[in-house]
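Please treat every number below as a calculation from the coordinates, not as lab data. Predicted, not measured: the structure shown is a model, and the values here were computed from it. Cβ placement follows ideal geometry from the backbone for every residue including glycine, while neighbour counts extend to all protein chains displayed.
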Amino acid sequence: MKTVKHILEGKSSVIHAVNPDTSVLNALQMMMEKNISALLVMEEDALVGIFTERDYARKIVLQGKSSKDTPIHVVMTHNPRTITTDEKIENCMEMMTNNLFRHLPVVEDHTVIGIISIGDIVKHIIEDQKQTIDQLQSYISG
């Protein structure tokens with residue numbers, strides 16, 4: 001069974017993060033520039049939260065707060081669930097589905113080394129199934 005390590009091997013190792021005092025507006029601008037839907041919130045190299053488009057919609061827009069005046073730490077998801085590179089992909093998919101979140105930070109030895117999204121998992125599963133189908137077709141034809 002494949003693990004998170006397999007997903008990370010195909011992704012950039014760049015981690016997009018902000019500090020807890022960053023304004024929501026600045027975080028959103030960064031997300032737009034990087035074409036991402038989540039940012040890690042780090043304080044002195046320690047993961048303290050995650051900020052997503054969903055946090056923005058539910059905690060800023062719907063509550064009438066100002067993106068310019070609100071720091072990320074007010075609306076971020078504190079202490080997000082994390083995984084290691086050894087976590088099985090199927091376990092990640094189940095965890096994300098059951099808990100209704102779309103991003104999982106990957107941590108090794110208390111250091112954030114990446115983040116995976118539900119899209120990364122779906123893409124990996126589709127590629128894996130395609131490979132299995134190709135092997136079965138080859139076996140049947142051969």
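Structure data summary
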read-out	value
Whichever lysines have a C-alpha closer than 27 Å to that of Lys88, once near sequence neighbours (fewer than 8 apart) are set aside	Lys2, Lys5, Lys11, Lys123, Lys130
Simple spin-label estimate for Ile15 and Lys34 in nanometres, 7 Å along Cα-Cβ	1.1
HN-Hα J in Hz across region 108-116 - Karplus 6.51, -1.76, 1.60, θ = phi - 60°, x for Gly and Pro	10, 6, 6, 10, 6, 10, x, 8, 10
Cut-off under 5 Å, modelled amide H: who pairs with Thr84 long-range	Val107
Under Karplus coefficients 6.51, -1.76 and 1.60, residue-wise ³J(HN,Hα) of region 50-63 in Hz, glycine/proline x	9, 10, 10, 4, 5, 4, 4, 4, 8, 10, 10, 4, 5, 9
Value at 222 nm in deg cm²/dmol, rounded to 500, when DSSP H runs of n ≥ 4 in the chain each add -39,500 (n - 2.57)	-12500 deg cm²/dmol
From phi via Karplus (6.51, -1.76, 1.60), per-residue ³J(HN,Hα) for region 67-82 in Hz, x at Gly/Pro	5, 6, 9, 9, x, 3, 4, 6, 10, 5, 8, 6, 6, x, 5, 10
Listed residues Thr97, Thr52, Thr22, most fluctuating in the chain (Gaussian network, C-alpha, under 10 Å)	Thr97
Lysines whose Cα lies under 27 Å from that of Lys59, excluding same-chain neighbours fewer than 8 positions away	Lys34, Lys68
Over region 42-93, relative contact order from alpha-carbon pairs under 8 Å, at least 6 apart, %	43
Cα-Cα P(r), region 4-141, percent of pairs per 10 Å interval	11, 38, 30, 13, 5, 2, 0
Cleavage-rule hits (trypsin sites (Lys or Arg not before Pro)) in region 32-89: DSSP loop, at most 15 neighbouring Cβ within 10 angstrom	Lys65, Lys68, Arg81
Loop-located GluC sites (Glu not before Pro) in region 52-142 whose Cβ has at most 13 other Cβ within 10 Å (DSSP)	none
Long-range amide H partners of His16 with built H, under 5 Å	Leu40
Distance (nanometres) between label positions extended 7 Å along Cα→Cβ at Thr82 and Arg58	2.2
